[in-house]
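Q: Provided herewith is a single structure, encoded as C-alpha cells, for subsequent inquiry.
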Amino acid sequence: MYEYILIRYGEIGLKGKNQRDFIKQLVKNIKRSVKSNLGKDAQINIERGRLFLKLNGDDPEIYYPSLNRVFGVLSYSPVRKVNLDLETIKASALEEFQSLPKPQSFRVTASRSNKRFPMKSPELQKTIGSHIYNNITDLKVNLHQPDVEVFLEIRDEGAYIYSKKLSGLGGMPVGTGGKAMLLLSGGIDSPVAGWLTIKRGIVVEAIHFHSYPYTSERSKEKVLDLAKVLAQYTGQINVHIVPFTKIQEEISKNCYESLWITIMRRFMFRIAEKIAHNRKALALVTGESLGQVASQTIDSMYAINHVINTPVLRPLVTMDKEEIMTIAKKIDTYDISIRPYEDCCTVFLPKEPKTKPKVEACEKGEARLNIDELVNEAVENTEIIAVYRDRKDEYGFF
C-alpha cells in the first residue's frame, strides 16, 4: 500500500535564502488544488528537497489531476514508506515490483541521504536487486534500458520505495513572481502567452477589449471560457472587459486607414497601463510573435510601446504558429480559440496596414483625438468579471 505521494520540485531547489518562501507557496498551491478538485484538506510534510503528500488510505491516482495543475511540481511518485530495517525494505521492494505488469527486465536505483545507514548505495542496489531476481521467474537485469526501474531512497525518517515517476508542469509556484496584466483577445496566441507567464509564477489578470455591437456577446463568452481554462492553474482570474467601440470609431473617422491597427494598439496599451497601475501589476503580457502579422513587426512593436513606460512581456515572440498551436492544444484552449466569433482587431482591420509605422506618423494621427478623455472613459466603464476554476456558476461579478 502506498502511504505518500513524493513530490519533487525543480528550480526552487536552486534558490538561496528565500527558498523557504517558494516552498511555502508551492505547498499552499497544492493544498488549494486538492481542496478545489477533491474537497479534501491535503496533509503535506516538508523534508529536505522533497514534499510528501499523506494519502491516509486513499488511492494515489485521485490526487494526480490536482498535481497536474500546479506549477512548480517537477514530478511525483506514489511511494511506500517503511522503517530502516533491511529485511523490511527488501520485502517492500519486492511487493512494489509484484504490483506492476510483469516486465522482462529491471534494475534497482538507490540513493542514501542518511549516511548513518550501514549499506552504501551500490551495495544496497545489488542486495535489493538480488532479492527481487531470486523471487521472480523469467526476469533479467538490464542496467541500461530496463522495462521497470525500482527506486529506493534512504532518508533519516525511513525508506521510500517506488517505481513510477509522473511528470508535473515544472515552472515556478504561482504567486512568487508578482502580477501582470494579460491582453486576452480570444485568439490562439494570447491564452498561450498567459499560460506561459503563469508558469513563471506570475499572477495574471486579463484585459479584453470588447467592441459591441461590432463584436457579439459570443466573442465575450469565448474570452471568459479561455480565462476559465487558465483559472485551472491559478484558482481565479479577473477579466477586465474594456468598452472599445467609441475609440475604434474615432480612430476610423480621424486617422489614416493604414495606421488604424497601430493606433488602436497604442490605445490598448495606454488603457492596459492605467488598469495595471490600479491593480498594482508591474507588467503587461501579450501574445505577439515577431513578424506574424503587421502589428507584430519590430517597427510596429516599437511604435506601440512608445506610449507607455510599463514593461511588456512577450512569451511567444520567437515562436512560429505551429509551436503556439501545439501548446494551445496541450492546454485545451485551441478549440475555444477557433470558435468563429470575431474580436475587435479583426472587425476594424485595414486593407493595407503599415508594417513599418513611424512614431511621428502615429502622433500626427492621434493629434485629432482627445486621447486622455477616450482612455479615461474606457477605464472608468470597464467591467470586472471574476472567473473561478471551482464555481459551478463559473463567473462572479464585482
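Readers should treat all values here as calculations from the given coordinates under stated rules, not as data from a laboratory. Because the structure is a prediction, the values reported are computed rather than measured. Methodologically, a virtual Cβ is constructed for each residue, glycine included, from the backbone with ideal geometry; neighbour enumeration extends over all protein chains shown.
Q: Tell me the label-point distance for the pair Arg368, Thr318, using the 7 Å Cα-to-Cβ offset, in nm and rounded to one decimal.
A: 4.1 nm
Q: If you don't mind, another one. What's the magnitude of the charge dipole for region 250-318 around its Cα centre, counting Lys and Arg as +1 and Asp and Glu as -1 at the beta-carbon? Answer in Debye, nearest 20.
A: Roughly 320 debye, rounded to the nearest 20.
Q: Points 7 angstrom from Cα along the Cβ direction at Asp335 and Lys28: gap in nanometres?
A: 3.5 nm
Q: To check you understand DSSP bridge types, tell me what percent of the beta bridges within region 179-397 (both residues inside) are antiparallel, rounded to 5.
A: If we restrict to bridges inside region 179-397, about 40 percent are antiparallel.
Q: What residue among Ile261, Leu182, Pro311 has its Cα farthest toward the positive end of the dipole of the chain, where the charges are +1 on Lys, Arg and -1 on Asp, Glu, each on the Cβ?
A: It is Pro311, whose Cα lies furthest towards the positive end.
Q: Taking θ as phi - 60°, what are the ³J(HN,Hα) couplings along region 370-387 by the Karplus curve (6.51, -1.76, 1.60), each to the nearest whole Hz, with x for Gly and Pro?
A: Result, rounded to whole Hz: 8, 4, 4, 5, 5, 5, 5, 5, 5, 5, 5, 9, 6, 9, 10, 10, 8, 10.
Q: Enumerate the amide H contacts of Gly175 below 5 Å, restricted to partners 5 or more residues apart or on another chain; note that Pro and chain-start residues carry no placed amide H.
A: Under 5 Å from the amide H of Gly175: Ile202, Val203.
Q: Most mobile of Phe97, Phe269, Phe209 per a Gaussian network model of the chain (Cα springs, under 10 Å)?
A: Phe97
Q: Applying 1/(1 + (r/R0)^6) with R0 = 45 Å to the Cβ-Cβ distance of Asn135 and Ile46, what FRET efficiency is obtained, to the nearest 0.05?
A: E(calc), rounded to 0.05, equals 0.80.
Q: As a footprinting exposure proxy, order Ser216, Ser66 by other Cβ within 10 Å, with the fewest listed first.
A: Ranked by crowding around the Cβ, least crowded first: Ser216, Ser66.
Q: If I take R0 = 41 Å and measure r between the Cβ atoms of Asn114 and Asp390 in this structure, what FRET efficiency does the formula 1/(1 + (r/R0)^6) give, to the nearest 0.05?
A: Once rounded, the FRET efficiency stands at 0.55.
Q: Under the rule of -39500 (n - 2.57) per DSSP H run of 4 or more residues, summed and divided by the residues of the chain, what mean residue ellipticity at 222 nm is obtained, to the nearest 500 deg cm²/dmol?
A: Mean residue ellipticity, 222 nm, calculated: -11500 deg cm²/dmol.
Q: Can you work out the FRET efficiency for the pair Leu38 and Glu383, with r the C-beta to C-beta distance and R0 = 35 Å, to the nearest 0.05?
A: Calculated transfer efficiency: 0.60.
Q: As I understand it, the dipole of region 4-167 uses +1 on the Cβ of Lys and Arg and -1 on the Cβ of Asp and Glu, about the Cα centre. Which of Gln25, Ile136, Ile161 lies farthest toward its positive end?
A: Gln25
Q: So between Gln145 and Glu157, what do we pick up on full extension, going 0.36 nm a residue minus the alpha carbon distance?
A: Length gained between Gln145 and Glu157: 1.2 nm.
Q: Length gain on complete extension for the stretch Glu352 to Tyr256, per 0.36 nm per residue less the alpha carbon to alpha carbon distance?
A: Computed gain between Glu352 and Tyr256 is 33.5 nm.
Q: Also, I was wondering about something else. Roughly how many debye, to the nearest 20, is the charge dipole of the chain about its Cα centre, given +1 on each Lys and Arg Cβ, -1 on each Asp and Glu Cβ, and no other charges?
A: Computed about the Cα centre, the dipole is about 1280 debye.
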